[in-house]
Amino acid sequence: APGLKVVSRHGVGYDNVDLEALNERRIPLAIAANANRVSVAEHTLFMMLALAKQAIDHDEGVRGGNWAIRNRFAAFELAGRTLLLLGFGRIGREVALRARAFGMTVEVLDPYVDDAGLDACGCIRATGLDAALGRADVVSLHLPLTAATRDVIDAGKLASMRSTALLINTARGGLIDEPALARALGEGHLGGAGIDVFEDEPPRPDNPLLAAPRTLLSPHSAGVTDESMV
């Protein structure tokens, strides 16, 4: 609409729209808060499963005649694993629901959620980010991008994670230090990463994640489904 001024390259959200400019022009602003929550949650589970089951490597192995790739025994089950959710809003809750159905233990780090809300979802409150990262088999981000959350997963936090752990980001670019993540993957300090959002979108050709091993990438499409668009 004329006069709407987007002040962030990470997508239009309530906290990065120029509300003063809208008010001056009497342009109403509404948020379709529930429109894509299921789509993003399913995409999060898709990335978790694809990485855990070695989907890309196994597909390439079959196509390339390397049937013996199955003997690496690199795939693992989600059942019995610990998922750490950073952020427990609408999407985080949908992810928790699906992860619990897979038999995962779900820990949550979100100061704005009370214990009753966690208990209702069968989740556990995590205390201390470094300690929680060290316990998690999968870490999934569901946070807004703010000054407080920028690079919330940096080189130090990546070093706190298990070398077999998976990191998923279907929330916002800028939450993860991308060069640090690429180094961790390249040096074998992380089991894999599923990234749907980037610091710059589209990512620049020299973005190190484009060449990082054990990485599943998608074009900020987690919330883009027929249902969410309707």
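The values are calculated or read from the model by the stated rules, or taken from the named source; none is laboratory data. Everything numeric here is computed off the predicted structure, so don't read it as measured data. Positions of Cβ are generated from backbone atoms using ideal geometry, with glycine treated the same way; all protein chains shown enter the neighbour counts. Heavy atoms of the whole protein, side chains included, go into the accessibility calculation; ligands, DNA and RNA do not. Shrake-Rupley method; radii C 1.70, N 1.55, O 1.52, S 1.80 Å.
Assorted remarks:
- Considering only the Cα atoms of the chain, their convex hull presents on average a projected area of 14.4 nm².
- Summary value for region 53-175: 23 percent relative contact order, contacts being C-alpha pairs under 8 angstrom separated by 6+ residues.
- Accessible heavy-atom area order of Thr164, Thr105, Thr82, highest first, probe of 1.4 Å: Thr164, Thr105, Thr82
- Each residue of region 38-55 was assigned a 3J(HN,Hα) from its phi angle through the Karplus curve 6.51 cos²θ - 1.76 cosθ + 1.60 (θ = phi - 60°); the sequence is 6, 4, 5, 4, 5, 5, 4, 5, 4, 5, 4, 5, 4, 6, 5, 8, 6, 4 Hz, with glycine and proline shown as x.
- Cα centroid of region 151-184 to Cα centroid of region 197-215, whole Å: 13
- For Ala165, the shell of other residues with beta-carbons less than 12 Å away shows a net charge of +4, using +1 for Lys and Arg and -1 for Asp and Glu.
- Inter-site label distance for Ser228 and Ile31 at 7 Å from Cα along Cβ, in nm: 1.6
- Neighbourhood charge, 12 Å Cβ-Cβ cut-off, centred on Ala74 and excluding it, Lys, Arg +1 and Asp, Glu -1: +3
- When only the Cβ of Lys, Arg, Asp and Glu is charged (+1, +1, -1, -1), the dipole of the chain relative to its Cα centre reaches about 400 debye.
- With a Förster radius of 35 Å applied to the beta-carbon distance between Arg100 and Arg70, the computed FRET efficiency rounds to 0.75.
- When the Cα positions of Ile69, Thr149, Gly87 are compared along the charge dipole of the chain, Ile69 comes out farthest toward the positive end, with charges on each C-beta of Lys, Arg, Asp and Glu.
- Ignoring the sites themselves, the chain has its longest run without GluC sites (Glu not before Pro) in a DSSP loop having at most 11 other Cβ atoms within 10 Å at 78-186.
- FRET efficiency estimate (nearest 0.05) - Cβ-Cβ, Ala131 to Ala159, R0 22 angstrom: 0.95
- Close amide H pairs (under 5 Å, H built 1.01 Å from N) link Gly194 with Leu167, Ile168, Asn169, Leu216, residues at least 5 positions away or on another chain.
- Longest exposed-site-free window of the chain, the sites being trypsin sites (Lys or Arg not before Pro) in a DSSP loop that have at most 12 other C-beta atoms within 10 Å: 27-230
- Percentage relative contact order, the chain, counting C-alpha pairs under 8 Å, at least six apart: 19
- Accessible area per residue for the chain, computed on protein heavy atoms with a 1.4 Å probe, is 53 Å².
- A Cβ-based charge dipole, computed about the Cα centre of region 115-165 with Lys and Arg at +1 and Asp and Glu at -1, lands at about 100 debye.
- Cut-off of 10 Å, at most 13 other beta carbons, DSSP loop: longest stretch of the chain lacking such chymotrypsin sites (Phe, Trp or Tyr not before Pro): 113-230
- Antiparallel DSSP beta bridges within the chain, as percent of all bridges there, nearest 5: 5
- Relative contact order of region 166-230, pairs being alpha-carbon contacts under 8 Å that are 6 or more residues apart, as %: 38
- Accessible surface of the chain [probe 1.4 Å, protein heavy atoms]: carbon and sulfur percent: 54
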